[in-house]
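Comments concern the structure below.
The values are calculated or read from the model by the stated rules, or taken from the named source; none is laboratory data. In this text the structure is predicted, and so the values were computed from the model without any measurement. No Cβ is skipped: glycine too gets one built from the backbone with ideal geometry, and neighbour counts run over all protein chains shown.
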Amino acid sequence: MSKVVQIRQVGGPEQMALVDVQVGEPGPGQIRIRHKAIGLNYIDVYQRTGLYNLPLPLQLGMEGAGIVEAVGEGVTHLKVGDRAAYASNPPGSYSEARVMPATCVCRLPDAIDFDTGAAMMLKGLTAQYLLKKTLPVEGLQKGDFILFHAIAGGVGLIAAQWAKVLGLQLIGTAGSDEKCALAKSLGAAHVINYRSEDFAARVKEITGGQGVKVVYDSVGKDTWDKSLDCLRPFGLMASFGNASGPVPPFAPGMLGTRGSLYMTRQTLFSHITTRESTQAMADDLFAVVASGQVKIRIDQRFRLDQVQDAHRALESRQTTGCTILLP
């Protein structure tokens with residue numbers, strides 16, 4: 001048996017309940033993992049509220065780290081007793097133990113502890129595909145300006161450090177001076193408090209009127225229009241979340257009048273559909289974290305039975321860095 005967080009209908013944090021379920025044995029291509037730590041992500045909120053429509057009842061959670069307890073037929077890259085971490089579909093990491101597909105589960109290097117492993121997989125792999133794969137048509141070179149919203153969040157703080165390693169001039173936005181200072185201390189070249197400054201005007205000022213090559217935006221509705229104004233001609237608008245709500249429909253012609261812009265809506269799970277691609281991205285992440293060039297900040301920890309409080313803190317933008325649940 002395992003305690004898991006489950007919802008029977010979509011809605012607020014109060015819909016989440018801790019229940020007991022039978023875990024069972026892994027089938028072909030699956031493993032059973034006992035969690036030591038569990039990652040909290042905004043996609044969990046989208047699933048809980050019904051923005052991302054999934055069958056009910058639903059066990060939440062996309063990210064975790066722990067010990068492999070059993071291995072199903074055909075799984076060759078993991079064995080019983082391995083330390084492991086993952087970001088993976090289907091949801092279900094808000095649990096003491098689970099059976100799940102092995103494809104996206106990676107052996108966790110000894111140099112990285114379980115809390116860090118659980119906190120960094122979804123957010124770190126997201127930062128990896130954004131900075132390494134989601135690129136403007138002209139590419140990114142050292143010294144180029146990029147704009148990254150919600151810079152003090154889990155993905156943002158990883159991206160700020162990684163962008164510095166890559167030699168990029170990252171401009172980050174956040175909702176308080178404290179969050180801006182945190183991002184600046186971790187490698188953001190410039191920071192903007194969007195509550196007290198017009199971020200589009202500041203971006204133009206910072207870039208000498210040219211604008212940025214790419215905007216990475218997980219906020220959505222509230223930042224969309226001004227973000228387009230921050231782009232230079234042929235720039236890329238890279239949407240990867242909707243924290244403030246989904247972007248309203250728009251006419252493609254507006255991209256032409258703003259300088260023949262490009263637009264993409266990215267998800268991590270398009271990038272980790274195979275064992276090979278998942279491992280390659282994870283190896284890149286493990287290397288930059290193990291080297292100390294990117295540090296994973298865990299600023300909030302909650303017990304699994306405090307999951308409602310964790311979601312309330314995340315939605316009210318009270319969190320910085322990464323948040324984990326402890327079973």
_It is to be established whether one or more residues within segment 115-127 are out of contact with any Leu (no Cβ under 8 Å at 6 or more places or on another chain), surrounded by fewer than 18 Cβ atoms within 10 Å (Cβ to Cβ) and either among the acidic types (Asp, Glu) or in contact (Cβ under 8 Å) with a residue 12 or more places away in the chain (or both)._
no
*When both residues are 6+ apart or on different chains and their Cβ atoms are under 8 Å apart, which pairs have a first residue that lies in segment 235-249 and is farther than 24 Å from Glu315 by Cα and modelled with pLDDT of 90 or more, and a second that is surrounded by fewer than 17 Cβ atoms within 10 Å (Cβ to Cβ) and small (Gly, Ala, Ser)?*
Gly235/Gly259
_When you check Pro55 against the structure, is it without any contact (Cβ under 8 Å) to a residue 24 or more places away in the chain and not basic (Lys, Arg), yes or no?_
yes
*Among the residues of segment 177-236, write down those that are more than 23 Å from the chain's Cα centre (by Cα), of a type in the set (Lys, Arg) and in a strand (DSSP E or B).*
Arg232
*asked:* Just the residues that are touching a residue at least 24 places away in the same chain (Cβ under 8 Å) and either buried (at least 16 other Cβ atoms within 10 Å of the Cβ) or among the hydrophobic types (A, V, I, L, M, F, W, C) (or both), please, taken from segment 302-316.
replied: Phe302, Leu304, Val307, Gln308, Ala310, His311, Leu314, Glu315
_Check on His271, under 25 Å from Gly50 (Cα atoms), of a type outside the set (Phe, Trp, Tyr) and assigned by TED's automatic domain parsing to the domain that holds Tyr52_ = no
*Is it true that some residue in segment 3-17 is surrounded by 18 or more Cβ atoms within 10 Å (Cβ to Cβ), closer than 23 Å to Ala282 by Cα and not basic (Lys, Arg)?*
no
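Could you please find all residues in segment 237-254 being part of a loop (DSSP other than H, G, I, E, B) and either touching a Lys or Arg at 6+ places or on another chain (Cβ under 9 Å) or charged (D, E, K, R) (or both)? Let's see the steps before the verdict.
Narrowing segment 237-254 to residues part of a loop (DSSP other than H, G, I, E, B): 240-252.
Across segment 237-254, the qualifying residues are Phe240, Asn242, Ala243, Ser244, Gly245, Pro246, Val247, Pro248.
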*Filtered residue count, segment 20-44, keeping only those that are of a type in the set (A, V, I, L, M), surrounded by 18 or more Cβ atoms within 10 Å (Cβ to Cβ), modelled with pLDDT of 95 or more and not in a loop (DSSP other than H, G, I, E, B)*: 4
*Assess whether Asp283 counts as being of a type in the set (Asp, Glu) and not in a loop (DSSP other than H, G, I, E, B).*
yes
*asked:* Exactly one of these conditions fails for Ile146: (1) within 30 Å of Ser316 (Cα to Cα); (2) more than 16 Å from the chain's Cα centre (by Cα); (3) in the same structural domain as Phe286 (by TED's automatic domain parsing); (4) buried (at least 24 other Cβ atoms within 10 Å of the Cβ). Give me its number.
replied: (3)
